[in-house]
Amino acid sequence: GAAVLRCLGSLLCLWALRLPAGPGAATRGLDVASYRERVRAMFYHAYEHYLESAFPYDELRPLTCDGQDTWGSFSLTLIDALDTLLILGNVSEFQRVVSVLQEGLDFDTDVNASVFETNIRVVGGLLSAHLLSRKAGVQVEAGWPCSGPLLRMAEEAARKLLPAFQTPTGMPYGTVNLLHGVNPGETPVTCTAGIGTFIVEFATLSHLTGDPVFEDVARKALKALWKNRSDIGLVGNHIDVITAKWVAQDAGIGAGVDSYFEYLVKGAILLQDKELMSMFLEYNKAIKNYTKFDDWYLWVQMYKGTVSMPVFQSLEAYWPGLQSLIGDVDNAMRTFLNYYTVWKQFGGLPEFYNIPQGYTVDKREGYPLRPELIESAMYLYRATRDPTLLELGRDAVESIEKISKVDCGFATIKDLRDHRLDNRMESFFLAETIKYLYLLFDPDNFIHNDGSNFDVVVTPYGECVLDAGGYIFNTEAHPIDPAALHCCRKRKEEQWEVEDLMREFYSLKKTKKFTLRRPSDPGEGESAEDPEDAKKAGEKRRENFKKSSHSLLSCPSQSFNSKLAVLGQVFLDNT
């Protein structure tokens, strides 16, 4: 527990945990640069065909070379691919897409949208692009990152989701109409992940805009799930958000639950929040006690702990990456290697895999080009430099190109047994799968910054350090710069400094017989406050404030050498 909380104190925990590797040890027999360029070519094959054949629809249909709306008519693939463009180094196309979105994105539409999907793809994608826009050469407005067109769009989209949270429990409905709010007769049954996957985006929004409502509703939903866990410490799959009764009582780490656990960890790191981390660690104990068998994770009944489904789902493959974020690298590698054996068996991960039988489950044989195993490989490679992880990346490139590539893009694999294809290319292929593959093969990407490089920007609240690394990926692989959350908060101490400066300014104006006045200025016949007295009063207030709060420049002591970006400052720990 102590080691985990020490990690929590650093935004760059992962890099502090990595193991030393000899020169060239990780790249034996594998041309990393060549695979990186192949991944780049895969991106453009998919992206250009989306633009030519599918835009402005949400997704490309690669077998018929046309488009379809899937999640609400947002030109979703364009939003999802935006930060990937910058990670690949394409600043000109990033700038062009930002202009296109500013002109064409409209959330005032009579569309029923998934609250979960709109948050992770649209709100997350816009927030990430907003925070990366200066790096991409976009001319940002005065006040950035506390203001900007992409931030306003993200806020507008998130506000459209807020009516879903107006329930007796604080747990949101799964669907909302963007124009009318929650439809009468909307089902109150929502999956666990659809309730607990908001804190990363919504807390970021609150910190940037100054409106606490987003973080407040996200926290309330997280705590409602925590409150309704079973006596043995597990949560189920679906719950009634009105009554808080569990409808589906299967407990596991996969579909329907997955990103709830992910956001407890990532929210804890992003917000330096020990309560969120302690919640996850309690869940982690119960998960190990009841669902873990031989480094596999099964599904169990949430109240009794008895096995209900001895299956591995492809969505569970994020788990080793999450384990690496809390420093549990050995267990993460063992589970990863189990999952990798399934990949090697089929050339992809089937949606469901029966562990005792060692084969696919009926009607769950497909692979829609999901990113989760590649995501875990990227995290674990940063932590260990184990060449096996690059081999998974190589296998993924070879499989996807061989099985899935068609003239108009990359198609979902309908059945891994005979390689039949489906006429769909999900937006997460460009947002996540390609991004994590590229980052696995690009160790020098700015996303992997260890804190040695950073930018200083001036905000309305003072200087702020950005782009120092420690990016937190949302569950759609949109990176959030944690330092940005400290750029836009006007603390009381800072507010008093501004007020005192203004008091001195107006007092000086009065002594020089200027007529400029403000409501709190002394009236006719009254004496102006002495500037020296104003200064002393301000110093006294600031001193009292300091005694009752942590220093702005406080930093948790670290037991390892690391550079970290905390509260908008860069620290070097030489202990």
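The values are calculated or read from the model by the stated rules, or taken from the named source; none is laboratory data. Only a predicted model underlies this, so the values are computations on that prediction, with no experimental measurement involved. So basically every Cβ, Gly included, is an ideal-geometry build from the backbone, and we count neighbours across all protein chains shown. In case anyone asks, the SASA skips ligands and DNA or RNA and just uses the protein heavy atoms, side chains included. Shrake-Rupley method; radii C 1.70, N 1.55, O 1.52, S 1.80 Å.
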- [ ] Calculate what fraction, in whole %, of the accessible area of the range 232-309 sits on carbon and sulfur atoms when a 1.4 Å probe is rolled over the protein chains.
- [x] 52 percent
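Where does the charge balance sit around VAL456 when Lys and Arg score +1, Asp and Glu -1, over other residues with C-beta under 11 Å from its C-beta?
Counting the neighbours of VAL456, the net charge comes to -3.
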Task: Cα centroid separation - the range 156-182 against the range 91-110, whole Å - done: 24 Å
Task: FRET E, pair ASN445, ALA244, Förster distance 45 Å, beta-carbon r, rounded to 0.05 - done: 0.55
Task: Accessible area of the range 314-448 belonging to carbon and sulfur atoms, whole % at 1.4 Å probe - done: 42 percent
Task: Per residue accessible area in Å² of the range 314-448, where ligands, DNA and RNA are left out and the probe is 1.4 Å - done: 31 Å²
Task: With all protein chains modelled, accessible area of PHE55 [1.4 Å, Å²] - done: 80 Å²
- [ ] Compute the accessible area per residue over the range 23-141, keeping the other protein chains in place, probe 1.4 Å, unit Å².
- [x] 38 Å²
Open item on the list: Taking the full set of protein chains and a 1.4 angstrom probe, give the accessible area of THR187 in square angstrom, rounded to the nearest 10.
Closed with: 70 Å²
Task: Virtual spin-label span in nm between ASP418 and GLN166, 7 Å along Cα→Cβ - done: 5.1 nm
Open item on the list: Using the basic label-point model (7 angstrom from Cα toward the beta carbon), what is the ASN289 to TYR44 distance in nanometres?
Closed with: 5.5 nm
Open item on the list: Compute the distance from the alpha-carbon center of the range 302-378 to that of the range 267-283, in whole Å.
Closed with: 24 Å
Task: Members of LYS223/LYS304; LYS223/LYS274; LYS288/LYS344; LYS223/LYS266 lying beyond 18 Å, as alpha-carbon distances in this model show - done: LYS223/LYS304; LYS288/LYS344
Task: Solvent accessible area, Å² - ARG36, 1.4 Å probe, full protein context - done: 50 Å²
